[in-house]
Amino acid sequence: TGYYKIDVTLNLLGSTGVASVIVFLRKLGSNILQTQEFNVTNASPQSLIPVSFSYIDQATVITDYYDILIQTTGFGVNVVTGSSFSIQRIQA
């Protein structure tokens, strides 16, 4: 339990065409933060879309967990090299 800093960096690349994307940070399966909707394409080389955010949250029980959900419409989206998801305890 305690306060945690969550850092997310995702490098997204569309597999075909154009995909509409929203990235969610979730706690215990529920959305706690989301990006604005944006487009990801497979056109090179300017197509790599970096998405970064930080969030501070209090975990109240030892079973609290966090995850990332990438919602996309139409076409596949790949998370590529250079992406990261980290959780660091900052205060008890």
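Quick notes on this one:
- Search result, residues across the range 9-43 that are within 18 Å of Q58 (Cα to Cα) and hydrophobic (A, V, I, L, M, F, W, C): F24, L25, L28, I32, L33
- Of all residues in the range 25-36, those that are under 10 Å from Y66 (Cα atoms) have Cβ atoms under 6 Å from Cβ atoms of residues that are surrounded by fewer than 12 Cβ atoms within 10 Å (Cβ to Cβ), 6 or more apart or on another chain, in R26/D67.
- In the range 52-67, the residues that are part of a strand (DSSP E or B), open to solvent by 30 Å² or more (accessible area, probe 1.4 Å) and more than 15 Å from F85 (Cα to Cα): Q58
- Residues that are touching a residue at least 60 places away in the same chain (Cβ under 8 Å), more than 12 Å from the chain's Cα centre (by Cα) and part of a loop (DSSP other than H, G, I, E, B), drawn from the range 68-87: F75, G76, V80, T81, G82
- Here T16 does not qualify as open to solvent by 80 Å² or more (accessible area, probe 1.4 Å) and at negative phi.
- Of all residues in the range 6-28, those being more than 12 Å from V77 (Cα to Cα) and under 14 Å from the mean Cα position of the chain (by Cα) number 8.
- Number of residues in the range 19-51 that are over 17 Å from T81 (Cβ atoms), in a strand (DSSP E or B) and open to solvent by 70 Å² or more (accessible area, probe 1.4 Å) equals 3.
The values are calculated or read from the model by the stated rules, or taken from the named source; none is laboratory data. Quick caveat: nothing in here was measured; it's all calculated off a predicted structure. Using ideal geometry, Cβ is built from the backbone for each residue, glycine included, and neighbour counts are taken over all protein chains shown. Surface areas here come from the heavy atoms of the whole protein model, side chains and all, with no ligands, DNA or RNA. Shrake-Rupley method; radii C 1.70, N 1.55, O 1.52, S 1.80 Å.
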